Every structure is written in structure tokens, then in C-alpha cells.
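All remarks here apply to the structure that follows.
The values are calculated or read from the model by the stated rules, or taken from the named source; none is laboratory data. This one's a predicted model, so the numbers in the text were calculated from it and none came from an experiment. Note: ideal-geometry Cβ built from the backbone for every residue, glycine included; neighbour counts use all protein chains shown.
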Amino acid sequence: MTHMLRMLAVFYRTSIQTDIEYRADFFTRIVASVLSMFTTIGALAVAYSYTSNVRGWSFSQALVLIAVYYLMDGLVETFVGPNMRQVMSQVREGTLDFVLVKPVNSQFMATMRTLNIWRAANALIGLGLCGYSTQRLAIQVGPREALLFVAAVAAAVAIVYSLWLVLVTLTFWFVRIDNLEQVMWQAFEAGRYPIEIYPPWLRGALTYVIPIVFIIGVPAEALAGRAGLASVLGALAVGGLSLVGSSLFWRFGLRFYSGASS
């Protein structure tokens, strides 16, 4: 474990040194993220101008949901997305061999080697909006609430990582899975709004197929004071099982991988 942490430090330091050559991209992404956030909040404000409550969610509570959406988007695109897309590209080009021959865990080496520091702009915006929205709710975020929120976010990142690892593993058979990735992101964007507003069949899909409820809903409810310990423990259980299941699937898929050296 210590060896892997040292390797992560080297990987991330190298990624940051590479990324800081393009500082203008960071500010451009901040502007784009802020504009996107105001557009989303504006659409929500229009809906709430006709009512004070949507399926049990007030406007201030819905703001927490949007805040968590941006936080999760930033975390995923900083730490998970760059690695997974790189693996997909390596499978198509037959260069994943150079990763697999390294004397270290293949999953760790393939999916945790880099980060995109500039995509952290959304995470920073999400954190800022989290603070603003909890002030609107007049919620006192103490150690218990903060711990529940951090645990829920950690579980959410684990679930997204696992879903993406499954998609990446599928490329061993199907090579291109761009459409499946787009489906996952469309479901992720649906999490910006309370899941209760969707029809029952879609709520079921967003709970059991692509568990957006655990990725965005539970962290938002934890921050808004709507989630109890049981909900967060459930999210942690789903996250842990997802990590184990996706890791086993990755190892199974490697048996069928044939790259440039095959």
C-alpha cells in the first residue's frame, strides 16, 4: 500500500507539471462551468416560481443537489475520466500491453496513473455552491453531518469508478463502447434534479441500473440533512460491492485481452 501511494504521488506530480503548461484552459473551464451552473439554476428557479415544493424538495434543497452534481462531476473528470478514456484508447491502439507488463497491479497501473487538474474547476464550484446552499437552508454542518457527507461522496466516487471500469473491461470484446459511455453520462446529468420527478420506470433505472441515487442523491440528502446513517451505510455497501465486482470483472476480462503482442 505504501509503495502504491508513493507511485500515486509521482504520477500525480508528473500530471500536474504537464497540465500547468496550459493554464488558460483552467480559467476557460471555470467560466464555462459557472455559465453552465447559472443556466441550470435558472431553469430550476423558473420551475420553482410556480411552486415552493417539488416532490418534497424545496428550492434550497434542490440547490444542494446541483452543488453535489458539480462536485461529483469535478471529482470524476479529475481522477477517473482521464484514466478510463486512456485505457479505451490503449485497447483500440494495442498499446495496453506496455501497461500490463509492468510489475505492479494492472488495474492500479491502468486506471490511476493520471489526473486532469484543470477539471477540478467543477469540484471547486460545487464546493462553493455546497456552502452557499447550506447557508440558505440554515443548516449547521457539524462533525457528524460532515462525516456522513464525506462518506457518501467517497461511496459515490467508488460507484462511478466501478461502473466505468466495467465499461472499460467491455472494450476487450467490443473495442468501441462510446455509446454506452454517453448513456451513463446522460443518466449522470439526470441526477441534477430530484429523482422523485421522474416516472417510476426511470426512477428504477436510476436506482438499480445506473445508481444515480447513490452517486448524487444520497450525498445531497446527507448535506441537506435529509439522509440518515442507514442511507449512507447503504451507499458505502453499494460502493464496496461495486469495487469488488468490477475488479473481478477486470481480471476476468484480461484473460480475453489480445493486444499488439498477441
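Just checking, which of Leu236, Leu180, Leu163 is aliphatic (A, V, I, L, M) and either farther than 22 Å from Tyr70 by Cα or within 14 Å of the chain's Cα centre (by Cα) (or both)?
Matching residue, one of Leu236, Leu180, Leu163: Leu163.
List every residue pair whose Cβ atoms sit under 6 Å apart, with the two residues 6 or more apart in sequence or on different chains, where the first one lies in segment 223-240 and is within 25 Å of Gln135 (Cβ to Cβ) and the second, anywhere, is not in a helix (DSSP H, G or I).
Listed by first residue and then by second, the contacts come to Gly225/Ile139.
Assuming Gly131 fulfils every condition listed in (1) in a helix (DSSP H, G or I); (2) within 15 Å of the chain's Cα centre (by Cα) apart from one, which condition is it?
All conditions are met except number (2).
Looking for whichever is surrounded by fewer than 17 Cβ atoms within 10 Å (Cβ to Cβ) and assigned to a helix (DSSP H, G or I) here; the options are Glu189, Glu181. Which one fits?
Exactly one residue qualifies, and that residue is Glu189.
Among the listed residues Ala110, Ala121, identify the single one that is within 20 Å of the chain's Cα centre (by Cα), surrounded by 20 or more Cβ atoms within 10 Å (Cβ to Cβ) and at pLDDT below 85.
Ala121
Can you tell me how many residues in segment 105-120 are part of a loop (DSSP other than H, G, I, E, B), farther than 21 Å from Val31 by Cα and of a type outside the set (Val, Ile, Thr)?
Final tally of qualifying residues: 3.
Which ones in segment 23-68 are touching a helix residue (DSSP H, G or I) at 6+ places or on another chain (Cβ under 7 Å) and of a type in the set (Ser, Thr, Tyr)?
Ser33, Thr40, Tyr48, Ser60
Give Pro219, Pro200 a once-over and let me know the one that is crowded, with 16+ Cβ neighbours inside 10 Å and either modelled with pLDDT of 85 or more or of a type outside the set (Lys, Arg) (or both).
Exactly one residue qualifies, and that residue is Pro219.
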